[in-house]
């Protein structure tokens, strides 16, 4: 009996040493200052070995398969030295070699500190376990401590051999999930992969990032302006909610319908967290939503807009026009929304009737002078209204936020803008799309200094299969005389 107990004691010490080292490996982080900004270094085990260079500021990164340990060595750009980037954007040369040397030294210093911390943490927990399992049937203390020390040495050797990047740092894989992808990313992905090309890519990426930070063409800068996130047609795909939360970043979310598939109480309960994605979450019903969905969201604190007014928690209605984030907002519920009294039966027809289109036009005529933004699910419902507005253009900016088609679209003419973010749920869990659909949303940046003025729209689409993203930024403010409108796009 003493033999198995001694073996178990040694195994417990070895396991504790490994656990201590692993906990230190996943939790240890360091901030380093470079001449172009600050970086945070960390290690994420459980992945194919790679050096991961990531820029949270614009949500893109480059991955190099240069590590043999099944872990990613992450280098996250945390802050950017604005002065350095403005210098680059203005055409001054960047000493890429010096920056890479700084980064290399920072990574080397981090790895030395990490290996030391991992070994110390593993040894400490192993020694503590050796004392804890000490018993008259267990091995002598010096043997259990020796087992912990030997395990610690093995951990240290493995990290020294397998964790530092080896060989040529080339052939990067680019990835991105956000809207503000640097314009240089598209060009960088097409150049030849070599040591020289890598240096050229780094130059291009830094210049692209610099141009995003600096003010383009003397237009009002987008940075720091208020912003709303536009998303629709989730269709129960709760897996997309974290993407919406990250895109909204605590700001308002405007959602023009089709949150669910049937609007049933079970779906409403499943989707209850949607109201926390925006501050506030502004909603109008789509043809796949129900009166039950609208009431549940209103009780949860969402701004639920209808043609009769804002729906209150108790089922009554408030004003037709609500103020949200400095904007005057109204909404028109879908005429084909499902009804709890009809057991959530599908009432949808391929096109709204002429009477429904006319009813919307009459409603809009009553609120036209009092609104900046109108939410409505079906674009077809507002076609007559848009035709009238194109014939008699409004004298101030007016924005329509629509959904339903699952296709990201932007129409902008004079003071009139229509934005469709696509399908946040990429067609949804019920495979409602006729063809493969990309996950889509939009972000509108605007100004309210002298009244509502839309400045730019970012249209973002993500392939749900491989995570590849495309983003297009359209400037909506009028260019200076003789200046061509600036549209920027990128893919990954």
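The values are calculated or read from the model by the stated rules, or taken from the named source; none is laboratory data. If you're wondering where the values come from, they're calculated on a predicted model, not measured in any experiment. Every residue, glycine as well, gets a Cβ built from its backbone with ideal geometry; the counts of neighbours run over all protein chains shown.
Taking the stated definitions as given, is residue 276 in contact with a helix residue (DSSP H, G or I) (Cβ under 8 Å, 6 or more places away or on another chain), surrounded by fewer than 17 Cβ atoms within 10 Å (Cβ to Cβ) and either assigned by TED's automatic domain parsing to the domain that holds residue 342 or part of a loop (DSSP other than H, G, I, E, B) (or both)? In short, yes. For the stretch 1-50, what are the residues that are assigned to a strand (DSSP E or B), free of Cβ contacts under 8 Å to residues at least 40 places away in the same chain and loosely packed, with under 15 Cβ neighbours inside 10 Å? Correct list: 33, 44, 45. Would you call residue 402 touching a residue at least 24 places away in the same chain (Cβ under 8 Å) and under 23 Å from residue 459 (Cβ atoms)? So residue 402 fits the description; yes. Among the residues of the stretch 323-353, just one is without any contact (Cβ under 8 Å) to a residue 12 or more places away in the chain and on the phi > 0 side of the Ramachandran plot, namely 343. Of all residues in the stretch 326-343, those that are in a loop (DSSP other than H, G, I, E, B) and under 18 Å from residue 311 (Cβ atoms) total 6.
Restricting 351, 323 to those that are within 28 Å of residue 417 (Cα to Cα) and not in a loop (DSSP other than H, G, I, E, B) reduces the list to 323.
Within the stretch 430-440, take every residue that is assigned to a loop (DSSP other than H, G, I, E, B) and surrounded by 16 or more Cβ atoms within 10 Å (Cβ to Cβ) and give me the one that is modelled with the highest pLDDT. The extreme case among them is 438.
Go through the stretch 257-282 and give me each residue that's farther than 15 Å from residue 338 by Cβ and touching a strand residue (DSSP E or B) at 6+ places or on another chain (Cβ under 7 Å). Show your work before the answer.
So in the stretch 257-282, the residues farther than 15 Å from residue 338 by Cβ come out as 269-270, 272-282.
Of everything in the stretch 257-282, those that are farther than 15 Å from residue 338 by Cβ and touching a strand residue (DSSP E or B) at 6+ places or on another chain (Cβ under 7 Å) turn out to be 274, 275, 277, 278, 280, 281, 282.
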